[in-house]
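Structure first, then comments.
The values are calculated or read from the model by the stated rules, or taken from the named source; none is laboratory data. None of the values given here were measured: they were computed from a predicted structure. Cβ sites come from the backbone with ideal geometry, for glycine too, and all protein chains shown count toward neighbours.
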Amino acid sequence: MVVEFDAIVSIDLINEFVTGKLGRPKFKKVVKATRELIERSGKFTVLVQDSHTETDPELRVWGQHAMDGTKESETVPALRGTGPIIKKHTYDAFYDTPLEAVLMGQGAKKVVFCGVVTDICIIHSVASAFYRGLIPIVVEECTDTYSSAQKKRTLDYMKMNYGAKIISLTEIVAK
């Protein structure tokens, strides 16, 4: 049975986190899987970009990265044009952004979360979606982090604490 959903939120599939200083080669697979999901499902997609200013608290932890207006903060070429862009300044894609209003405007309740990194921006955004009454879905192939063990722990945590459906790409897109 194919899992039904209403919208896709792609988080931080930007140059900085795919091919930049915070990127990893394995994150290119996340881009490819996310592109396949977007194309095959035809669902409304929002591209959320980490886009920082000098005063963002995250810079105290990670240093300067994905600074607003730089190439590093832009969506990777493979996903450009697949949906509207929302810039975020924290780990949470909903905090101080129009994401909730955009999803509600589309009538979205069941939302798929894709992107990097699973144990930082994805988990914070999934928690925020849960608190807003949305039903979060995470496709394993469409997210990753720096450690495979940490990814598994984070997926398990989201399932247990936020009721997130953790599924594979084949469960959401019929082959």
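When we screen Ile123, Ile137 for residues that are modelled with pLDDT of 95 or more, under 16 Å from the mean Cα position of the chain (by Cα) and either farther than 27 Å from Lys26 by Cβ or not in a strand (DSSP E or B) (or both), the only hit is Ile123.
In region 48-64 there is no residue matching the filter, namely being within 18 Å of Val126 (Cα to Cα), at pLDDT 95 or above, among the β-branched types (Val, Ile, Thr) and out of contact with any Asp or Glu (no Cβ under 9 Å at 6 or more places or on another chain).
Just one of Thr34, Thr45, Thr97 is among the hydroxyl-bearing types (Ser, Thr, Tyr) and in a loop (DSSP other than H, G, I, E, B); which is it? Answer to the check: Thr97. In the set Glu36, Glu16, only one residue is closer than 20 Å to Arg80 by Cα, among the acidic types (Asp, Glu), modelled with pLDDT of 95 or more and surrounded by fewer than 17 Cβ atoms within 10 Å (Cβ to Cβ); that residue is Glu36.
Residues to consider are Thr90, Thr82; find the one that is touching a strand residue (DSSP E or B) at 6+ places or on another chain (Cβ under 8 Å) and not in a strand (DSSP E or B).
Just a single option satisfies the conditions, and that option is Thr82.
Regarding Pro84, is this residue modelled with pLDDT under 95 and surrounded by fewer than 21 Cβ atoms within 10 Å (Cβ to Cβ)? Criteria not met by Pro84.
Scanning region 58-79 for residues that are among the small types (Gly, Ala, Ser) and in a loop (DSSP other than H, G, I, E, B), which turns out surrounded by the fewest Cβ atoms within 10 Å (Cβ to Cβ)?
So, considering only residues that are among the small types (Gly, Ala, Ser) and in a loop (DSSP other than H, G, I, E, B), the one surrounded by the fewest Cβ atoms within 10 Å (Cβ to Cβ) is Gly63.
So, Cys142, is that one surrounded by 24 or more Cβ atoms within 10 Å (Cβ to Cβ), closer than 17 Å to Phe44 by Cβ and in contact with a Gly (Cβ under 9 Å, 6 or more places away or on another chain) or not? It is true that Cys142 is surrounded by 24 or more Cβ atoms within 10 Å (Cβ to Cβ), closer than 17 Å to Phe44 by Cβ and in contact with a Gly (Cβ under 9 Å, 6 or more places away or on another chain).
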